1. Let me spell it out: the conditions are (1) surrounded by fewer than 15 Cβ atoms within 10 Å (Cβ to Cβ); (2) out of contact with any Lys or Arg (no Cβ under 7 Å at 6 or more places or on another chain), and B:VAL81 meets all of them except one. Which number is the exception?
2. Residue check, A:ILE41 against (1) of a type in the set (Val, Ile, Thr); (2) in contact with a strand residue (DSSP E or B) (Cβ under 7 Å, 6 or more places away or on another chain); (3) free of Cβ contacts under 8 Å to residues at least 60 places away in the same chain, all met but one. Which one?
3. Looking for whichever is touching a Phe, Trp or Tyr at 6+ places or on another chain (Cβ under 9 Å) and either modelled with pLDDT of 95 or more or within 24 Å of B:LYS95 (Cβ to Cβ) (or both) here; the options are B:THR44, B:THR38. Which one fits?
4. Out of all the residues in the stretch B:66-78, is one or more out of contact with any Lys or Arg (no Cβ under 7 Å at 6 or more places or on another chain), surrounded by 15 or more Cβ atoms within 10 Å (Cβ to Cβ) and more than 30 Å from A:THR57 (Cα to Cα)?
5. Tell me which of these A:ALA147 doesn't satisfy, since it passes every other one: (1) within 14 Å of chain B (Cβ to nearest Cβ); (2) among the hydrophobic types (A, V, I, L, M, F, W, C); (3) assigned to a helix (DSSP H, G or I).
6. Which of the strands (runs of 3 or more DSSP E) contained wholly in chain B include at least 2 residues that are facing chain A (nearest Cβ under 9 Å)?
7. Give me the residue from the stretch A:100-134 that is at the interface with chain B (Cβ under 10 Å from one of its Cβ atoms) and among the basic types (Lys, Arg) and, out of that set, surrounded by the most Cβ atoms within 10 Å (Cβ to Cβ).
Amino acid sequence: MEINEILNERTMKTNMNAGTKDEALHELAGLLLENDYITDIDRFMKDIYAREEIGQTGIGNYIAIPHGKSDFVKEIGVAIGINQSEIPWETLDDHGVKGIILFAVGNDNDGADNHLKLLSMFARKLGNDDVVEKLLHSERTEDVKEAFAG
Amino acid sequence: MKIVGVAACTVGIAHTYIAQEKLEGAAKKAGHEISMETQGTIGTENELSAEQIAEADIVILATDVKLNNRERFDGKRIIEVATDIAVKSPNKLVKKAEEVLAQKQ
């Protein structure tokens, strides 16, 4: 299994120009909608915000991992945004974030073990400082893919 | 020293695995052996064997939820923290484990 299988350049955006957390989340959720990962952007966002209320999704190192389980997810996937400037976010190290990884996972994941496994492998990569460093410096979507390839 | 542990976060999608990776990285950097089980949406992965648990000097539980089979660790030295702590300060957590073990001896 290759992590690449869960990455889609069409749901990635580099040089993003969001000014707030909400703008960033909407922009990334929009990519998920356009590419048929989710079925309803507003209701998906509601589930994402429900998770935001439980605790910080900013994991430090300028990375945030908003996620939640939602009935409005059709296919498991991730949207990745690299923002040009730091966005205010609730984080573990009190910095803002520049790299936002929005996870789309359904409530009913029957038959999706393969994708869940890939997603867990992908999440592990975010615990690696070298990967994060490369990710934050990605200028093109190919660079983002490359960051997770190592 | 030999460390075993479990990571399990609220939703079981992201923090669990980031905590696992960070703790493994920090422990190895400090020259320790480590094996981290994950309990997430996909289920239990890298499940710890009875032998691994028996041989471990210390157990690190990085969890936000009730663990399955926690009784496996009865009688062991346990450090229990939220997954956020493992994600934020993995090196400190490994250092804490070293200190706890030093006290014991």
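1. (1)
2. (2)
3. Values: B:THR44 fails: touching a Phe, Trp or Tyr at 6+ places or on another chain (Cβ under 9 Å).
Exactly one residue qualifies, and that residue is B:THR38.
4. First, pick out the residues of the stretch B:66-78 that are out of contact with any Lys or Arg (no Cβ under 7 Å at 6 or more places or on another chain): B:66-76, B:78.
Checking which are surrounded by 15 or more Cβ atoms within 10 Å (Cβ to Cβ) leaves us with B:67, B:72-73.
Checking the rest, the ones that are also more than 30 Å from A:THR57 (Cα to Cα) come to B:72.
Checked against the condition, which is being out of contact with any Lys or Arg (no Cβ under 7 Å at 6 or more places or on another chain), surrounded by 15 or more Cβ atoms within 10 Å (Cβ to Cβ) and more than 30 Å from A:THR57 (Cα to Cα), the stretch B:66-78 yields at least one hit.
5. Here A:ALA147 meets the rest and fails (1).
6. Working: elements: B:2-8, B:33-40, B:43-45, B:58-63, B:78-81.
Of the strands (runs of 3 or more DSSP E) lying wholly inside chain B, those with at least 2 residues that are facing chain A (nearest Cβ under 9 Å) span B:33-40, B:43-45.
7. For the stretch A:100-134, the residue satisfying everything is A:ARG124.
Yes or no, residue by residue, for (1) in contact with a Ser or Thr (Cβ under 8 Å, 6 or more places away or on another chain); (2) under 25 Å from A:LYS145 (Cβ atoms):
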position: A:ASN4; (1), (2): no, yes
position: A:ALA18; (1), (2): no, yes
position: A:ASP22; (1), (2): no, no
position: A:LEU25; (1), (2): no, yes
position: A:THR39; (1), (2): no, no
position: A:ASP47; (1), (2): yes, no
position: A:LYS98; (1), (2): yes, yes
position: A:PHE103; (1), (2): no, yes
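The values are calculated or read from the model by the stated rules, or taken from the named source; none is laboratory data. Predicted, not measured: the structure shown is a model, and the values here were computed from it. Glycine also receives a Cβ, built like all others from the backbone with ideal geometry; neighbour counts cover every protein chain displayed.
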